[in-house]
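Heads up, the thing below is written out as structure tokens.
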Amino acid sequence: MTLSEDNLNYFIHTYGCQMNIHDSEKIAGILESMGYVSCNSAENADVVVFNTCCIRETAEQKIYGHIGAIKKIKKNNPDLITVICGCMSQQEGVAEKIKSSYPFVDVVLGTSNLNLLKDAILSAQNRKKYSNVDFLQNREEDFPQSRTSYPNAWVNINYGCNNFCTYCIVPYVRGRERSRPMAEVMAEVKQLLSQGYKEITLLGQNVNSYGHDLADGVTFAKLLDEIGRLDGKFRLRFMTSHPKDLSQDVIDAIASYPNICDNIHLPVQSGSTEILRRMNRRYTRDAYLALIDKIRAKLPDVGITTDIMVGFPGETEEDFADTLDLVRRVKYSSAFCFVYSRRKGTPAYSMDDQVPYPVKKDRITRLIACQNEVTKQISQTMVDKRYEVLVEGANSHYQDTMCGRTESGRLVNFKCDESLVGQFVTVQIERASSATLWGKLVTEEKCRKIFHL
Ligand code: SAH
Ligand code: SF4
Ligand code: F3S
């Protein structure tokens with residue numbers, strides 16, 4: 001939709017993970033069904049939504065700063081409706097804190113309350129405050145959606161988390177694990193493919209435990225089988241996989257269907273068995289490494305990515321050395337590296353032996369350098385080879401440059417026409433600068449026609 005002065009406009013600030021990015025597509029859909037139109041800043045908006053994250057303290061501080069800035073905007077536009085939703089508002093005491101410290105906020109909703117957004121906005125239009133952060137039994141999913149990530153489409157398969165890793169706030173703010181019925185997931189996937197989406201990414205805090213709470217015996221492997229069997233050229237990805245629940249059936253399903261990408265995000269968190277135990281991850285270093293061997297035996301070209309944390313309470317230099325060693329052994333194509341952040345309400349918050357910040361800082365620097373070295377080595381092996389790439393969109397930093405991903409999940413930049421977005425093309429890698437790959441389009445029949453070659 002285009003911006004017009006007569007329209008009511010909305011602006012959404014999205015923080016955090018893919019769950020939130022996808023929730024924002026639902027928020028946008030709800031607002032558009034009410035006649036609001038997307039705009040480019042809070043200054044031009046009639047409704048501003050903060051879809052928040054509280055995974056680390058730094059994320060939270062940044063968000064409070066951004067919410068604070070609304071006060072000034074509201075002075076110029078007293079009718080501006082301000083909505084806070086997402087994980088931060090679901091934390092204990094936060095709704096009250098917002099009420100007292102940010103009285104200009106009109107609506108506070110929790111992670112399970114998006115179905116109340118329309119009523120909340122209508123109340124706010126009548127200058128009534130609205131607040132609800134209760135977990136509802138069944139979060140309905142029949143929202144209008146305004147998708148923003150073509151050719152990819154996000155699809156939730158399970159919500160919440162039962163794992164209670166000792167550092168993590170997610171189970172407290174997203175509630176217990178609930179799986180969507182398989183028929184519902186399949187209907188959404190089929191509809192998206194018929195609409196022309198070329199990549200489906202299944203979302204869950206732990207996709208591998210999909211179905212365990214449903215009575216019909218469905219599993220994640222069965223869901224992959226069902227989707228893998230669908231006709232047509234498309235890619236299927238999923239995240240996140242908890243290592244303790246990644247079954248041989250899932251690995252076999254990935255190997256069996258060409259549509260399922262050889263790409264697994266498998267957060268390890270630490271390379272030390274003792275730290276993993278204190279984190280309540282429920283696998284050991286050796287079990288994780290054995291799982292990697294099992295995956296690679298079946299999927300030799302797989303791209304494996306991970307999340308790693310440094311400075312968990314009690315992490316010694318020796319524990320950290322185990323993490324560096326694991327990174328070098330596994331050879332991740334990339335890793336999200338985090339400094340442990342104390343989250344109130346989690347068991348690790350009150351553990352002894354909190355690691356001092358300078359030590360954490362030193363370790364994160366060394367970890368990132370180590371992973372960069374690994375990524376660089378992998379990138380070098382890709383030079384001069386050809387890969388199938390799904391063209392995703394323009395690289396905003398370089399003119400006429402598009403980017404897309406290989407099946408294994410590596411991002412490649414190359415020159416091509418924007419009309420190829422959503423198409424599968426062949427790209428030859430020409431050079432690699434650590435994480436970034438640069439290539440050239442290999443002209444094939446389809447491309448020749450478009451470029452009149
Ligand atoms: N469900 C996913 C992860 C969700 S949170 C999984 O289990 O893999 C994404 C990442 O944030 C985690 O993998 C972890 O590495 C990091 N993270 C979570 N809590 C954190 C904390 N308290 N401090 C720092 N990083 C944290
Ligand atoms: Fe957090 Fe662990 Fe659940 Fe992931 S599996 S969301 S890290 S508690
Ligand atoms: Fe995601 Fe942040 Fe919530 S990482 S689940 S948006 S706490």
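The values are calculated or read from the model by the stated rules, or taken from the named source; none is laboratory data. Given the structure is predicted, the values throughout are model-derived calculations rather than measurements. Every residue, glycine as well, gets a Cβ built from its backbone with ideal geometry; the counts of neighbours run over all protein chains shown.
Assorted remarks:
- Residue match in the stretch 177-192 (condition: within 16 Å of ligand 1 (Cβ to nearest atom), touching a Cys at 6+ places or on another chain (Cβ under 9 Å) and of a type in the set (D, E, K, R)): yes
- Going through (1) part of a loop (DSSP other than H, G, I, E, B); (2) more than 16 Å from ligand 1 (Cβ to nearest atom); (3) in contact with a helix residue (DSSP H, G or I) (Cβ under 8 Å, 6 or more places away or on another chain) one by one, G314 falls short only on (2).
- Residue among V383, V310, V327, V391 that is crowded, with 20+ Cβ neighbours inside 10 Å, among the β-branched types (V, I, T) and more than 20 Å from Y167 (Cβ to Cβ): V391
- Answer from A215, A287 - the residue that is among the aliphatic types (A, V, I, L, M) and at pLDDT below 95: A215
Quick grid of which residues meet (1) in contact with a helix residue (DSSP H, G or I) (Cβ under 9 Å, 6 or more places away or on another chain); (2) among the polar types (S, T, N, Q):
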position	(1), (2)
N206	yes, yes
A215	no, no
T219	yes, yes
R229	no, no
F234	yes, no
R237	no, no
T240	yes, yes
I251	yes, no
N259	yes, yes
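- P358 in contact with a Ser or Thr (Cβ under 7 Å, 6 or more places away or on another chain) and over 22 Å from L326 (Cβ atoms): no
- Residues in the stretch 142-176 that are away from ligand 1 (no atom under 13 Å from the Cβ), touching a residue at least 40 places away in the same chain (Cβ under 8 Å) and among the basic types (K, R): R147 alone.
- Number of positions in the stretch 161-190 that are polar (S, T, N, Q) and in contact with a strand residue (DSSP E or B) (Cβ under 7 Å, 6 or more places away or on another chain): 1
- Boolean, T82 is without any contact (Cβ under 8 Å) to a residue 60 or more places away in the chain and within 26 Å of F336 (Cβ to Cβ): no
- No other residue among L230, L224 is away from ligand 3 (no atom under 16 Å from the Cβ), in contact (Cβ under 8 Å) with a residue 40 or more places away in the chain and of a type outside the set (G, A, S) apart from L230.
- If you filter the stretch 264-290 down to residues that are crowded, with 19+ Cβ neighbours inside 10 Å and over 15 Å from C168 (Cβ atoms), you find that the one that is nearest to the chain's Cα centre (by Cα) is H265.
- Residues being free of Cβ contacts under 8 Å to residues at least 24 places away in the same chain and within 16 Å of ligand 3 (Cβ to nearest atom) - total across the stretch 345-365: 1
- Only one entry of I275, I251, I295 meets the criterion of being among the β-branched types (V, I, T), outside the structural domain of Q371 (by TED's automatic domain parsing) and in contact with a Leu (Cβ under 9 Å, 6 or more places away or on another chain), and that entry is I251.
- Number of the exception - D301 against (1) surrounded by 15 or more Cβ atoms within 10 Å (Cβ to Cβ); (2) more than 15 Å from ligand 1 (Cβ to nearest atom); (3) outside any helix (DSSP H, G or I): (1)
- Qualifying residue in the stretch 358-368 (condition: outside any loop (DSSP other than H, G, I, E, B), out of contact with any Phe, Trp or Tyr (no Cβ under 7 Å at 6 or more places or on another chain), within 24 Å of C17 (Cα to Cα) and within 16 Å of ligand 2 (Cβ to nearest atom)): no
- Within the option set Y340, Y357, being within 29 Å of C168 (Cα to Cα) and either assigned by TED's automatic domain parsing to the domain that holds E407 or loosely packed, with under 13 Cβ neighbours inside 10 Å (or both) holds for one residue only, Y357.
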